[in-house]
Amino acid sequence: MSSTHKPWEHAKSSGSEGDPLAARFVASLDYDKRLYTHDIRGSKAHAAMLCKVGLITDDDLSAINAGLDAIEAEIAEQGDAWPGWKVELEDVHMCIEAALIEKAGDAGRKLHTGRSRNDQVATDLMLWVDAAEEQILDQIDTLCEAFVSLAEKDGHIVMPSYTHLQRAQPIVLGGEVMAWLASLDRAATRLNSLNVNAGNSACPLGSGAIAGSSLPLDRDFTAMELPMAGPPSENSIDATASRDAALDFCYALTMTSMWLSRWAEQWIIYATTEFGFITIADTYTTGSSMMPQKQNPDMLELIRGKTGQVYGSLVALLTMCKGLTVGYNRDLQEDKRHLFAAYDAVCDCLDMATGIVKTVTFNEDRIKQGLDRGYLDATSLAEYLVTKGVPFRTSHQVVGRLVGLCNTTGRYKLEQLTVDEMNAVCAEYRSAGAVGADVFDWLGPANVVKRYQSAGNAGVSGFEQQLAAWKERLGDQPTDGQADE
Ligand code: ARG
C-alpha cells in the first residue's frame, strides 16, 4: 500500500493522487471546510448512538468526544491554517476523521461504523441550512428595524408613487417603506415555513451510503441527539439522494434577493440628478476614475447585480439534480458551492442594505418642488365626483377632460381650474353642479394623502396603522436612536 493512498480506497492500486488535477477535481475541501462544526456535531450524535447500542464502548465514546472537541478548538483557532486540512483527503469529513484517528486511535477508527459520507454530508447540510436560516432571519430583522426607523423619521414626507414609472397617486414615504417591509415580512415567513416542512429537517444519519446498515443503529436516538433535527428520515435512498432542503432554502434566498434588487433599483433611480429624492451616504457611493464629480450608487447596483448570481445558484442546483438517479451521485458535492455562494451574497446584500437605509437622506424640499407636476390628484378628483353622485366611469372621463383642458390652456395642475370650469365639463355628461368649493380639499398631494381610508393604503392613515403594527412586532425596541431624534 502506498503511503499516499486515501484511507478509504484500498480496493484500487492507486487513486487520484496520480494526477494533481484529478486530486483537485474530486476535492470539495476548499468550500466544505465551513461545515466543520456541523460535521463534528453530527459525528458526536452518531458516536453517542453507537455507544448506546453497544457498537462502541464508553471509553471509545469519551475518546471520540475528546478528540472531536480538540479538533473543533484547533480549527476555531487556526482556521484555514489547521494542519489537518489535507486536500488529498478530499473533504471536511475525511479530514476530521483522519485527525480524530491520529488523536484517538482505534476509537476514532470506529466512528464511521454504520455511516457513509453520503448520510454524513446530507446531515451536515441539513444542520448548516438550519443555522443559515436563523442567520438570514436575524439579518432580515435588522434590516426591518432600519426601515422602521426611516419610516418613523421621514415617513410623513409626501411624495409621488409610480406605476410604469410614471406618476400615479400621491403617497407618504412611509407608505412606500411599508411596501419594502411587507416584502421582507414575506421573506421571513417563507424562511420560517421551511422548518415547518418536516422533510427538510428529517435526520438522514443512519441511512448509510444508500441502503442503510445491517448493524442495530438506533436512528431515533441519533435524531434526538440533534435537537435542531426532526425525526429520522423515512427512506435511506431518498435521504441520501435529496437536496430538497438546500433547494427550498436557495429559492427563499432568491426571493429575498429579488426584492432587495427591486428596492435597490428604486433607490438608484431616486438618487439620480433627475429625481434627486435621496442622497446616499458617501460610504455607500463611489467616484469615477475619470469623471471627478461622480457619486455613483455602486453598492445598490451591486445588490441588484448579485441577484443574478443568486438566481444562478438556484438554477445550478436544480439543473445539477435533474439528471441524477435516485441515490448519491458525486454531482451532489457541488451543491454546497452554489448554496454557499447564494447565502454569502444574500448575507452581504442584507447587511449592505441595512447600512444604506440607516444613513440615507430623503430630500424633502426637492421632492416637494416637483409634487404639483403629473396630476397626482386626478384620481382623487374622480373619487370626489363619485361622492357627489357621479358614476365613476363618468367621473374618470370628466377628469381626463379636465387634465386635457389644463394641458391645452397653459396650466399644469387641477387646482388651477375654477369650479365653473370643472362644472362646465361635468355638464356635458350630466347636469352641472357636481363640483362645489370643497373640491379643493380633494386636490393637491398634501390633501390627498390624508384622504385615503381603505385598509392598507399608502397615505397617512395606512402608513400610521402599518407602522404601529411593525413597531409592536419588533417589540418597539429603540432602533438606533434615529426614531427618537
Ligand atoms: N464531499 C462529498 C460531498 O460533498 C462527500 C460524499 C462522497 N461520497 C461518495 N460516495 N463518494 O458530497
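Coordinate-derived values only; no laboratory data. Just so it is clear, the model here is predicted, and its values are computed rather than measured. Note that each Cβ is placed from the backbone with ideal geometry, even for glycine, and that neighbours are counted across all protein chains shown.
Using only Cα atoms, find the angle between the long axis of helix 460-473 and the longest principal axis of the chain, and express it within 0 to 90 degrees, rounded to the nearest 10. Its long axis makes an angle of about 20 degrees. The H on the amide N of C203, modeled in the peptide plane, is under 5 Å from the matching H of G230, S233, each at least 5 residues off or on a different chain. Lys/Arg Cβ at +1, Asp/Glu Cβ at -1, dipole of the chain taken about the Cα centre: which of I136, A23, A73 is farthest positive-ward? Result: I136. Straight-line reach from K12: taking Cα to Cα under 21 Å and skipping same-chain neighbours fewer than 8 places apart, the lysines in range are K86.
Semi-axes of the equivalent ellipsoid of segment 371-485: what are they in whole Å, largest first, if each equals the square root of 5 times a C-alpha gyration tensor eigenvalue?
37, 16, 10
Computed from backbone phi, the HN-Hα couplings of segment 31-37 come to 10, 9, 3, 5, 7, 4, 5 Hz, rounded to whole numbers (Karplus: 6.51 cos²θ - 1.76 cosθ + 1.60, θ = phi - 60°; Gly and Pro given as x).
Within the same chain, lysines fewer than 8 places from K322 are excluded, and of the rest, those with a Cα less than 19 Å from its Cα are K336.
Within segment 246-307, the GluC sites (Glu not before Pro) that combine a DSSP coil assignment with at most 12 other C-beta atoms in a 10 angstrom radius are E274.
Each residue of segment 7-21 is assigned a 3J(HN,Hα), and the resulting list reads x, 10, 10, 8, 7, 10, 7, 7, x, 5, 4, x, 9, x, 5 Hz, derived from the Karplus form 6.51 cos²θ - 1.76 cosθ + 1.60 (θ = phi - 60°), x at Gly and Pro.
Which GluC sites (Glu not before Pro) does segment 352-452 hold that lie in a coil by DSSP with at most 16 other beta carbons within 10 Å? Those satisfying the criteria are E428. Placing dummy labels 7 Å off each Cα toward the beta-carbon, the span from F25 to Q135 is 3.1 nm. Overall, the chain carries a charge dipole of about 1680 debye about its Cα centre when +1 sits on the Cβ of Lys and Arg and -1 on the Cβ of Asp and Glu, all other atoms neutral. With both labels modelled 7 Å from their Cα along Cα-to-Cβ, the A70 to D220 distance reads 3.6 nm. In this simple spin-label model, placing a label point 7 Å from the Cα along the Cα-to-Cβ direction at both T325 and A11 gives a separation of 1.3 nm. The string of couplings for segment 385-402 from the Karplus curve (6.51, -1.76, 1.60, θ = phi - 60°) is 4, 4, 5, 9, x, 7, x, 4, 4, 6, 5, 4, 5, 4, 5, x, 5, 5 Hz, one whole number per residue in order, with x for Gly and Pro. A Förster radius of 30 Å combined with the Cβ-Cβ distance from V87 to C347 puts the calculated FRET efficiency at roughly 0.70.
Return the Rg/Rh value of the chain, two decimal places, where both radii are evaluated on C-alpha atoms and Rh is the Kirkwood radius.
Details: Rg = 30.9 Å, Rh = 26.8 Å.
A ratio of 1.15.
If you plug the beta carbon distance of T273 and A211 into 1/(1 + (r/R0)^6) with R0 = 56 Å, you get a FRET efficiency near 0.25. Placing R0 at 25 angstrom, the Cβ-Cβ distance between D441 and R393 gives a FRET efficiency of 0.60 after rounding to 0.05. Shape analysis of segment 1-86 places it in the oblate category; the axes a ≥ b ≥ c from the Cα gyration tensor give an a/c of at least 1.5, with a/b not above b/c. By the rule of a C-alpha distance below 25 Å, with chain neighbours fewer than 8 residues away ignored, the lysines paired with K52 are K44, K103, K110.
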